[in-house]
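A.B. asks: Before I ask anything, here is the structure I am working with.
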Amino acid sequence: MRTTCLTLLFFVIGIAVYSQHNILIKNVNVWDGTSDKLDKNLSVLIKDNLIIKVGKSISEPNGATVIDGAGKTLIPGLSDAHVHLSATMGNGETRNEAHWMYTSIRTAKAAENFLMLGFTTVRDLGGPVFGIKRAIDEGLTIGPRIYPSGAYISQTSGHGDMRSANEPSVQLSGGQMTTSDAALGWAFVVDGVPEVLKAARENLRKGATQLKVMAGGGIASDFDPIHSVQFTTEELEAAVQAAADWDTYVAVHIYEPKGAIRALNAGVKCLDHGHLLDEETVKLIKEKDAWLVPQAFWTETPASFWVPGEDTIPEALNKKIKPVLEGTDTVFKLAKKYGINVGFGSDAYGDLGYESYALTEFTTRAKWYSPLEILKQATSGNARLFSLSGKINPYTEGKLGVIKVGAYADLLIYDGNPLDDIEVVAHPEKTLKLIMKDGKIYKNEL
Ligand SMILES: [Zn+2]
């Protein structure tokens, strides 16, 4: 008994000491996430999970762990505004074949992979991730901070309606959201204002920080042409109202102008993809101070990204992908021309290991943006987007996406200067020497 008490006492003291812990990183060139240049030869002092000092000479607190940055580059942790952590397999397999526990463990692995690439925060744009978010926040497993959307909200025949051809509609067969999709939290297939409200509120109840609504045709779904406009104005307004009542916002999946304009006018704050948008729509995004999260790297992905394990893309699928990819150049040029809010979001999912495609987004975006602009998008820019979750933002103890006093200690140290060469970020196995999230070190090769 005495031994147990002593062990417990030491354990408690151990936690107390740890929670007071300081880490001093010396001799680093710092990019703070917002400025246009590196600040040479600085030190950064971290207490617990926050940055408490940044400066030329910081005296070493008693008992602090000191890390010599050896003149390397320290930047804020990266973020990805469009991931699907739980979608690590083909759609049919996750829906109908794999056990949920197996899927969960793969999700944990995907989360770990994102963190080890340098992503300390992600916005998950659909799929069951409430459990993994909690497990990461509690320290049970490792991964980025997660802004979860929960289940996709899709109309019947919309981009989130992944039923096979003969699978009956839940609603028409008299059921109530009891398919594996709804039960496990993949999608709510709903029609009409009351059902949209119910799905929106169900997600908010479970902890969604924003809602993901399918507003137009998609590539991975079989029954909705890309040009299709999904949900009526009233249905979209209902989702926006439910989100606003929780002080948050709606992000929609959309490629075409018609659906995008309808969504923006209904109060949607973020358009994801948008590869086929035109000038009028991009101007409207600007006018509404809304966001666009497009993907450039898709233009360079092999067939196996679209159809895991395959060397070629089936003709029917190719018909959907091709025009979308062809729009990429136009939409990035328009986004740049009008200076709209552009988030950094890869939509890299489909298999374990595909997380690294999120890094390809850095190099492909370099066709339109400078390394500095891309890095701002992936740090302080995304943090502004995430903060649209208002009073239900789960991460408000510190600032995200910056290296400043009072910010979360989410930071990376690279060998090389990513402001000069964006490739530095794209090859973390060679260049990324230190990963810290929430004051904890996950990789240290210094
Ligand atoms: Zn997506």
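A.B. asks: Kindly state which strands (runs of 3 or more DSSP E) lie completely within segment 27-140 and contain at least 1 residues that are among the acidic types (Asp, Glu) and farther than 29 Å from HIS273 by Cα.
C.D. replies: Because the criterion is at least 1 residues that are among the acidic types (Asp, Glu) and farther than 29 Å from HIS273 by Cα, the strands (runs of 3 or more DSSP E) in segment 27-140 that meet it are 39-47, 65-76.
A.B. asks: Can I ask one more? Look at LYS320 and say whether it is within 16 Å of the ligand (Cβ to nearest atom), charged (D, E, K, R) and either surrounded by fewer than 19 Cβ atoms within 10 Å (Cβ to Cβ) or part of a helix (DSSP H, G or I) (or both).
C.D. replies: In short, yes.
A.B. asks: Six or more apart or on different chains, Cβ atoms under 6 Å: show the pairs whose first residue is in segment 353-373 and within 18 Å of LEU325 (Cβ to Cβ) and touching a residue at least 60 places away in the same chain (Cβ under 8 Å) and whose second is hydroxyl-bearing (Ser, Thr, Tyr) and not in a helix (DSSP H, G or I).
C.D. replies: That search, which allows pairs on different chains as well, returns ALA358/SER346; GLU361/SER346.
A.B. asks: If you check ASP272 against the conditions, is it of a type in the set (Asp, Glu), within 16 Å of the ligand (Cβ to nearest atom) and over 20 Å from SER169 (Cβ atoms)?
C.D. replies: yes
A.B. asks: Taking GLU287 as meeting all but one of (1) away from the ligand (no atom under 16 Å from the Cβ); (2) out of contact with any helix residue (DSSP H, G or I) (no Cβ under 8 Å at 6 or more places or on another chain); (3) not in a helix (DSSP H, G or I), write down the number of the exception.
C.D. replies: Single failed check for GLU287: (3).
A.B. asks: Could you list, in sequence order, the residues of segment 86-140 that are of a type in the set (Gly, Ala, Ser) and either within 24 Å of ARG384 (Cα to Cα) or within 16 Å of the ligand (Cβ to nearest atom) (or both)?
C.D. replies: SER86, ALA87, GLY90, ALA110, ALA111, GLY118, GLY126, GLY127
A.B. asks: Grab the helices (runs of 4 or more DSSP H) fully contained in segment 148-255, keeping just those with 1 or more residues being in the same structural domain as GLU93 (by TED's automatic domain parsing) and modelled with pLDDT under 95.
C.D. replies: Of the helices (runs of 4 or more DSSP H) lying wholly inside segment 148-255, those with at least 1 residues that are in the same structural domain as GLU93 (by TED's automatic domain parsing) and modelled with pLDDT under 95 span 180-184, 193-206.
The values are calculated or read from the model by the stated rules, or taken from the named source; none is laboratory data. It should be emphasised that the depicted structure is a prediction, and the values quoted were computed from it without experimental measurement. Cβ coordinates were reconstructed from backbone atoms using ideal geometry, including for glycine residues, and neighbour counts include every protein chain displayed.
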